[in-house]
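Reading through the C-alpha cells given below for one structure.
The values are calculated or read from the model by the stated rules, or taken from the named source; none is laboratory data. Computed from a prediction, not measured in an experiment: that's the story for all the values here. Because the Cβ atoms are built from the backbone with ideal geometry, glycine has one as well, and the counts that use them run over all protein chains shown.
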Amino acid sequence: MVASRLKDVLGFAMLPSALNLIDEIIAGAGGKRPAVFLDYDGTLTPIVSHPEDAWLPDSMRQTLRSLAARVPVAILSGRDLDDVRGRVLVDGLVYAGSHGFDIAGAGGLRRELGAAYLPALDTAETELREALDEIPGAQLERKHFSVAAHYRNVNEDDTSKVARAVDEVAAKHRELRRISGKKVYELLPDIDWNKGKAVLWLLETLELERGNAFPIFIGDDRTDEDAFSALAKRGVGILVSDQPDVTAASYWLKDPEEVECFLRELIARVPRR
C-alpha cells in the first residue's frame, strides 16, 4: 500500500524493474499465458534524430520471432501500418499503425478507423507544412491517419513556434485532435480511440481473454499511457524510460536493450505453443 502511494506521488522513480522482477510478473499472471503488446520507437529501437533512421536490430527481430512462437505478439506504433510492418518483418504478429487506427494480422484480421477524416488531414498537412517551412529543424511527417510535426531538431527557442503552428492548424479543423509525444505533436481524427482501446479490441477480437491470456504492454511514450491504464486491472504495463515521470505503468525498463533482455527472459520461462 505504501509503495503504491509513493508511486502515485513520485511516478516512475518508485517503479520496480520488470527485468529484476520478471518472476513476480509471471506469478501475477496466475497461470495465464502472456500476450505481449509492444510500441516500436523508443521501445524496440532507440529514439533517433530522424524517424526514418530507426531500424530494428537483427537481434531484436530474432527475439520477436522466438517470442511469437510462444505467445501472441502485437506491435502498436504511431507509425503507418506498412512502415512499422516493413521495419519489423516478422510473420505471425499483429501490427497496429497510426496509434491503433489501422490494424492488420493473420487470418484476415483488419480494422481501419478514420477514412472519412482523410480530406481534413490532407488540408491540415498542406497548412502545417507551409507553417513549419519557416522553422529550422522542424520536420513534417504525413502518416495515413495523422500528421506529425517533429521538433527534436528544432532550436529550443523555436519549439514554442512549432506548438503554436500545430494549434493554429488544429483550430481550423475541429474534426481533428492534437496529441503530444516525445518531441512531436500529431493531428489525428477526433475519434474516441487510442492504443488502450486498440489493445482491448484485440484482446476481445482475438479471443485472448477467453483463452486465459495475461496482457503485457511495453511502451515509452505518452500515447502508451492509454494502454497502461486500460490494462491496469487486466495485466501489466511496463514503461521504457531513463527519466522520472508519472505513469500508469507498474514496472519499468531502462531502454530497448533492457526490453530485449526482458523478452528473452520471458521466452526462457514460457514453453512453445
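Here are the criteria: (1) in a helix (DSSP H, G or I); (2) more than 21 Å from residue 192 (Cβ to Cβ). Tell me which single one residue 119 does not satisfy.
Every listed condition holds for residue 119 apart from (2).
When you scan the range 169-179, do you find a residue that is small (Gly, Ala, Ser), touching a residue at least 12 places away in the same chain (Cβ under 8 Å), under 24 Å from residue 111 (Cα atoms) and buried (at least 16 other Cβ atoms within 10 Å of the Cβ), even just one?
no
Might you let me know whether the range 134-145 holds any residue that is in contact (Cβ under 8 Å) with a residue 60 or more places away in the chain, surrounded by fewer than 19 Cβ atoms within 10 Å (Cβ to Cβ), out of contact with any Pro (no Cβ under 8 Å at 6 or more places or on another chain) and closer than 26 Å to residue 190 by Cβ?
Taking every residue of the range 134-145 in turn, at least one turns out to be in contact (Cβ under 8 Å) with a residue 60 or more places away in the chain, surrounded by fewer than 19 Cβ atoms within 10 Å (Cβ to Cβ), out of contact with any Pro (no Cβ under 8 Å at 6 or more places or on another chain) and closer than 26 Å to residue 190 by Cβ.
Filter the range 136-160 down to the residues that are part of a loop (DSSP other than H, G, I, E, B) and under 21 Å from residue 78 (Cβ atoms) and list them by number.
Passing the criteria: 137, 138, 144, 145, 151, 152, 153, 154.
Yes/no matrix, rows are residues, columns are (1) of a type outside the set (Lys, Arg); (2) within 22 Å of the chain's Cα centre (by Cα):
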site: 159; (1), (2): yes, no
site: 165; (1), (2): yes, no
site: 172; (1), (2): no, no
site: 177; (1), (2): no, yes
site: 186; (1), (2): yes, yes
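Among the candidates 221, 245, 255, which residue alone is of a type outside the set (S, T, N, Q), within 30 Å of residue 112 (Cβ to Cβ) and assigned by TED's automatic domain parsing to the domain that holds residue 65?
Criteria check complete, one pass: 221.
Looking only at the range 243-255, which residues are touching an Asp or Glu at 6+ places or on another chain (Cβ under 9 Å) and more than 19 Å from residue 215 (Cα to Cα)?
If the condition is that a residue be touching an Asp or Glu at 6+ places or on another chain (Cβ under 9 Å) and more than 19 Å from residue 215 (Cα to Cα), then 246, 254, 255 are the ones that fit.
Condition first: more than 30 Å from residue 140 (Cα to Cα) and among the hydrophobic types (A, V, I, L, M, F, W, C). Can you find one or more residues in the range 236-245 that meet it?
Yes, that holds for at least one residue.
With (1) farther than 30 Å from residue 263 by Cα; (2) crowded, with 16+ Cβ neighbours inside 10 Å; (3) hydrophobic (A, V, I, L, M, F, W, C); (4) at pLDDT 95 or above as the list, and residue 116 as the residue in question, which single condition is left unmet?
All conditions pass for residue 116, except number (2).
If we keep just the residues of the range 88-131 that are in contact with a strand residue (DSSP E or B) (Cβ under 7 Å, 6 or more places away or on another chain) and among the β-branched types (Val, Ile, Thr), which is nearest to residue 73 (Cα to Cα)?
So, considering only residues that are in contact with a strand residue (DSSP E or B) (Cβ under 7 Å, 6 or more places away or on another chain) and among the β-branched types (Val, Ile, Thr), the one nearest to residue 73 (Cα to Cα) is 94.
Anything in the range 201-240 that is among the polar types (S, T, N, Q), within 16 Å of the chain's Cα centre (by Cα) and either surrounded by 22 or more Cβ atoms within 10 Å (Cβ to Cβ) or closer than 17 Å to residue 94 by Cα (or both)? List them, or say none.
223
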